[in-house]
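Nothing in this text is a laboratory measurement; each read-out follows from the coordinates by a stated rule. Since the structure is predicted, the reported quantities are computational estimates derived from the model, not experimental observations. Positions of Cβ are backbone-derived with ideal geometry, glycine not excepted, and every protein chain shown enters the neighbour counts.
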Amino acid sequence: MKVYVGKIAWSSSGWQGFPKKIEDYKKDVKRSGFDYVREYKYAHEWFNFYEDFDEKYYFGFFWKGEVEKDSIICWVSKDVNDGKMKLIGFYVEAESPSKEEREKIKNKKNSLKPQYYKELGAKTKKEFLVWHPNIKAPKEKSFKLKEPIPINQKEVYGITLGQVNVFGCRHKNIKKLKKWLEENQEYLKVEKEKIDYLLKKLEEVSENINKKNKNSYQLNKITNIINAINTKPFIILSGISGTGKTQIARIISAGIVSYKKND
């Protein structure tokens, strides 16, 4: 379970398929900050919040590809109209779809051709047809904002996405994102139940990361002590009360006793 920030190409259709008007389509392509969109005149992620692929799930495109089950993705995009980075929505409990699901959704999507499809170039049509979803998320838990909102990226998740399209959040980034969401719930205009569930999942991920960091730190300390004992079989553990000196000594001694019993 991880948390990502995913930057995707702007969509005048609200990431629900091709822009309805060819004028909007041309603007989304021409002003896009993504080289591949300007080259192929198409963006796979335009379908990330398409409603009719499936009753229960959103199926979309994520630049990272495969993700751990139960991941969270914060979707952002640079508005081609005013150049501002905006928050789009969240995939909650995201995961990679099965091979069968990918093929099924790909076939559905390839029938969704816009009225101006004949006007598209051969390269664009080819790219459109090779699309396949590499991520899905339950609609019951995930959400798209009614209107994308401008954000200060450093205030929301602690970094500014430049050429990077995917960012895996660390503990401090997740805490920052959680705090921002708590302070801006009313501004988001999303069902309270969905925001509350997202906050709960962010807290779970944060606690898991914190626990792993503590375990890793303890393991490094134990390894250093064992290396010191091997060098000179007498060491002194110093530090204020409550820093784990006794616990580490007990862990090491228990390991030595267990090793000798099994030897």
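Using a Gaussian network model of the chain whose springs link C-alpha atoms within less than 10 Å, name the residue from Tyr42, Tyr197, Tyr157 with the highest mean-square fluctuation.
Highest fluctuation of the listed residues: Tyr197.
Out of the DSSP beta bridges found with both residues in the chain, what percent are antiparallel (nearest 5)?
80 percent
Which residue, Ile159, Ile149, Ile252, has the most motion in a Gaussian network model of the chain that connects Cα atoms within less than 10 Å?
Highest fluctuation among the options: Ile252.
Taking 0.36 nm per residue of separation and subtracting the Cα-Cα distance, what length does fully extending Glu147 through Lys26 add?
Gain on extension, Glu147 to Lys26, equals 41.4 nm.
If you take the beta carbon distance between Glu119 and Glu51 as r and set R0 to 22 Å, what does 1/(1 + (r/R0)^6) give as a FRET efficiency, to the nearest 0.05?
Taking R0 as 22 Å, the efficiency between Glu119 and Glu51 is 0.30.
Past the 34 angstrom mark, what percentage of all C-alpha to C-alpha distances in the chain do you count?
The share of Cα pairs beyond 34 Å in the chain comes to 34 percent.
Please get the size of the charge dipole for region 3-209, origin at its Cα centre, with Cβ charges of +1 on Lys and Arg and -1 on Asp and Glu, quoted in debye to the nearest 20.
In total the dipole reaches around 760 debye.
Would you mind calculating the gained length between Leu199 and Asn184 on full extension (0.36 nm times residue separation, minus the Cα-Cα distance), in nm to one decimal?
4.2 nm
Multiplying the sequence separation of Asn230 and Glu207 by 0.36 nm and subtracting their Cα-Cα distance, what value in nm do you get?
Result: 4.8 nm gained on full extension.
First select every other residue whose beta carbon is under 15 angstrom from the beta carbon of Glu23; then total the charges, Lys and Arg +1, Asp and Glu -1.
Within the 15 Å Cβ shell, the charges total +4.
Over region 1-154, what is the percentage of antiparallel beta bridges among all DSSP beta bridges, to the nearest 5?
Of the beta bridges lying entirely in region 1-154, close to 75 percent run antiparallel.
From zero outward in steps of 5 Å, how is the percent of C-alpha pairs of region 60-207 spread across the bins?
Each 5 Å bin holds this share of Cα pairs: 2, 8, 16, 18, 19, 16, 10, 7, 3, 1, 0.
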